[in-house]
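Have a look at the structure below, then the notes.
A short reminder: the numbers here are calculations on the coordinates, not readings from a lab. A quick note: this is a predicted structure, and the numbers were derived from the prediction, not measured. Cβ placement follows ideal geometry from the backbone for every residue including glycine, while neighbour counts extend to all protein chains displayed.
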Amino acid sequence: MSNSLFKGKSTRTKIFTAITIVAILLLIGLNMLLTFVGDQSQIFIDLTPEGFYSMTDKMVDACAEILDTKDENGNKREIKITFCADPDRLENSSSLRATYFMALQMRNRFDNVTVETVNVDLNPAAVAMYRTTSRREITAADMIVSYNGRYKITDATSFWTDNSFSYNGEYRMVSILASLTALSSPAAYFICDHGELYYDPENPDSEHSLATSEVAELIEERGLQIKTLEISKVDAIPEDCALLIINDPKIDYTPDPDRLDEFYYVSDLEKIDRYLASKSGAVIVNKAYDRKLPVLESFLAEWGIGCGEGLVKDKDNCLPGVGEEGTAIVGVYDKDSFGGAYYGDYAELPSAPKMIFTNSGYLYCTFEPNDTMNESGSFNASKNYSHFITTSEGAIAYNGSETAPGGEDGVKKALAAASVRTYLDGETSETVYSYLFCTNTADFFSNELIGNKSYANRDIMASVISSISRIDRYASMSLGGLSMNSPSYGGKQTQTTTLTEKTENIYSADAKDIIAVNHAFTIVERVIFTVFVAIVPVAVMCWGIVIFIKRKNL
């Protein structure tokens, strides 16, 4: 007895049988092809109304500028992005999925980007080369970006803003790439020979380094190397210095009395002043309010920044239960001040976190009668003082149990201030800016403030450091990322409204710019969509019925 499918069948039956076999084989082949293509290429169709899983044009351009540039040897830069969890876990995680898909799109678009996944729970040895003695264990939420022996480890969930309604992954990714691939890496120098609290990259487990690890991570994210500087042992601030940090000095910057009669002797503060005056320098000074350093304070006064006496308490505008009552002050944003250029519209967002100051004194302007002073002997240079963050009007500064001079209530007091030196080069007609940023508290760079995600200290200081050090040129770009001055106002905004009969524009905080569009379905579009979705299964069903009837009547 023959088992042939076609023996004894009519011609029509043979044709339909052959068509069925061919169709099944084609479907199996198509399924295998799509599976292969999906594994190799990860084809994406972004159906979100805000284009959430699509790279913006600015992101593509920024990545192309970095990734298409040759390295020192004339070769393309090979970037590897390692996720520390399996693909199914990444795809099913609401916080990790967006970053994973963004990396896959980068891989598809740039042939010198590699994406790999490692299950660190089952195979922790696979990422052992990235561990350092001072870093916590690498977890499944971590992402590692590596290039030419250098790498950065970051928590992929931190690519979201704190309220989880805005995704800042594009900005974060470009910042990491820019930092890793910089041909010449500018540096942030911690001065360390006047009793300062500093981060030492050569000894990350030291007490100093552990106490400043959060601000060190922030600085490195801005694309700056971290170095230490014994300023008394050098003739000038190093050429690669983009940011100079004096953090909680214990010893005053008094000139060496044994060298004052030397013709070529330059004091430490004179080195800093020359650095600020001769190039686009940037200095951050954090001084304890209760430590008198007359020489350093005199230097700050020359730049328009005076250090008030006494501890500031703002009992009506503070965090309850933190330290002595009124000493954990909630900073007041002021868009009209120097700080307004950096926190800008971010400060107006309803959910924007606040900047916190603990154990702080106040600052004031030493220029009279206004906040600007022209430099003596020059018509091209001037210094301008501005407060950055203030207290409320009810704050009082105490010197022991007494009210400190100038510390009365009824006036807002600056908790952070800045002086900007503007110099107009007469030959090139270019304007050169130098910045001196100052606080009157030793806690400003503490891990408790910089590392607390519920505070705005880290985000705002990231914006300040990026701007005054003139390194992160992506800080003001609309990359769909966390940039205080960008039209994105904190990232790609997820849509929370329901579908309506018409398209809704999502406006910025000042109601001037459209930052997103909520594309709705009209009644006609819903009908078309329903028909389109239903037509394929209906057609298949009808075709099946026709075949069934014909075969029954053959």
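State the dimensionless ratio Rg/Rh of region 187-470 (Rg: radius of gyration of Cα atoms; Rh: Kirkwood radius). That ratio equals 0.95.
Sparsely packed loop sites in region 213-267 (the trypsin sites (Lys or Arg not before Pro) outside DSSP H, G, I, E and B with at most 13 other Cβ atoms within 10 Å) comprise 250. With kT/(6 pi eta Rh) evaluated at 20 °C and eta = 1.002 mPa s, and Rh the Kirkwood radius from Cα pairs, region 176-264 diffuses with a coefficient of 149 µm²/s according to Stokes-Einstein. With the cut-off at 29 Å, tell me which of the pairs 70/233; 250/313; 250/383; 76/152 have Cα atoms farther apart than that. Over 29 Å Cα-Cα: 70/233.
Charge tally for residue 338 (other residues, Cβ to Cβ under 15 Å; Lys, Arg +1; Asp, Glu -1): +1. Applying the criteria of a DSSP loop state and at most 14 other Cβ atoms within 10 Å to the GluC sites (Glu not before Pro) of region 53-128 yields 72, 78.
Residue 367 sits among other residues whose Cβ lies under 14 Å from its own Cβ, and their net charge, with Lys and Arg +1 and Asp and Glu -1, is -2.
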